[in-house]
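First up is the structure itself, then whatever we jot down about it.
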Amino acid sequence: MRVYHLAYDASAASLDVHFWTACSLHCRACYVAYNPLDFGLFDDPIAELSKTKILCPDSAYLSPDQVMGLIKDLPVKSAVFVGTEPSLDPELPELARLLHNNKGSYNILLTNAFQLADMSDIDELIVSIKAFDRQKHLEYTGVDNIRILDNFKSIYCRRKKMQAETVYIPGFIEMDEIERIAAFIGEIDPAIPLRIDAFFTVPGVKWRSATADEVEAAAERARAYLQKVNCLTLEMKRIGEKVIRVY
């Protein structure tokens, strides 16, 4: 298994499990490529992302049993699987099963949905839709989005709880494109929540950071199609205790 990092939020009894896999997408502004550690560890995560890209994490990979050993004394109400692309790790289902059986955790998978894992012990999926326009998706990720959009529908048909997220990128993924994403989701089920994140720039990328006003304007447009649209902007402060590094 390719788990390289564990971070724990005691205030929510939430465990972030970070996977390092050869991601199926090649996003031009992949934040994990600049800093693979959990953002909650830093007072200023944006400053941490201003550094040079890294090639790999600095820790050895953990097995499912090793993960469970490290968290044996921690209450875990929820476990969030993140990283480059967790669904590509063949041992993800086993870890999800162990967390369910031993901790009673609510398991959340963050995924690009290009490839679907065994979801037997996944309670909720957050699917990242980079773009609805096929050419924009190719330009940003190097990969066609047809399979991703089809898998999004497939997840819904399996009656899995799900939500979507996208990123407002000034000059590239703006209001009109986010409206297309919202319309696509709304045709499936307007009750599926959408979160719109503000892009913040990293070295070597031409796009500037998004403002809170831009993200909120896009969210208001998306609300014409969806019942629940949230925003995540640079101005928002963390709620709760500071995350601790378990591994």
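All of the numbers you see were taken from the coordinates with simple rules; none came from a lab. Quick caveat: nothing in here was measured; it's all calculated off a predicted structure. Positions of Cβ are backbone-derived with ideal geometry, glycine not excepted, and every protein chain shown enters the neighbour counts.
Cross-linked pairs LYS136/LYS242; LYS136/LYS228; LYS103/LYS242: Cα-Cα separations exceed 32 Å for LYS136/LYS242. From the Kirkwood radius over Cα pairs of region 27-106, Stokes-Einstein at 25 °C and 0.890 mPa s returns a whole-number translational diffusion coefficient of 169 µm²/s. Provide the FRET efficiency to the nearest 0.05 for the ALA212-TYR61 pair, computing r from the beta carbons and using R0 = 30 Å. Result of the calculation: an efficiency of 0.20.
Taking label positions 7 Å along the Cα-Cβ direction at both LYS153 and ASP133, the computed distance is 2.2 nm, reported to one decimal. In a simple Cβ point-charge model (Lys, Arg +1; Asp, Glu -1; nothing else charged), region 63-216 has a dipole of about 280 debye relative to its Cα centre.
Between SER24, PRO57, VAL67, the Cα set farthest toward the positive side of the dipole of region 3-245 (charges on each charged residue's Cβ, about the Cα centre) is that of SER24. The angle between the Cα long axis of helix 92-103 and the main principal axis of the chain comes to about 60°, on a 0 to 90 degree scale.
So what is log10(I(q)/I(0)) for region 3-245 at q = 0.09, 0.12, 0.13 1/Å, when the Debye sum runs over its Cα atoms only? Computed log10 I(q)/I(0) values: -0.37, -0.69, -0.83. Using the Cβ-Cβ distance between GLU94 and GLU174 with R0 = 35 Å, the FRET efficiency computed as 1/(1 + (r/R0)^6) comes to roughly 0.30.
Within a straight-line Cα-Cα reach of under 17 Å, LYS153 can be paired with the following aspartates and glutamates, leaving aside sequence neighbours fewer than 8 residues apart in one chain: ASP118, ASP123, GLU124, ASP133, ASP144, GLU165, GLU187, ASP189. With both labels modelled 7 Å from their Cα along Cα-to-Cβ, the GLU124 to VAL246 distance reads 1.8 nm. To the nearest ten degrees, helix 212-222 and the longest principal axis of the Cα atoms of the chain are 80 degrees apart.
Spin-label model, LYS160/LEU116: points 7 Å from Cα along the beta carbon direction are separated by 0.7 nm. Compare the Cα positions of ILE244, GLY186, PHE172 along the charge dipole of region 146-247 (+1 at Cβ of Lys, Arg; -1 at Cβ of Asp, Glu; about the Cα centre) and return the one farthest towards the positive end. Working it through, the farthest residue towards the positive pole turns out to be ILE244.
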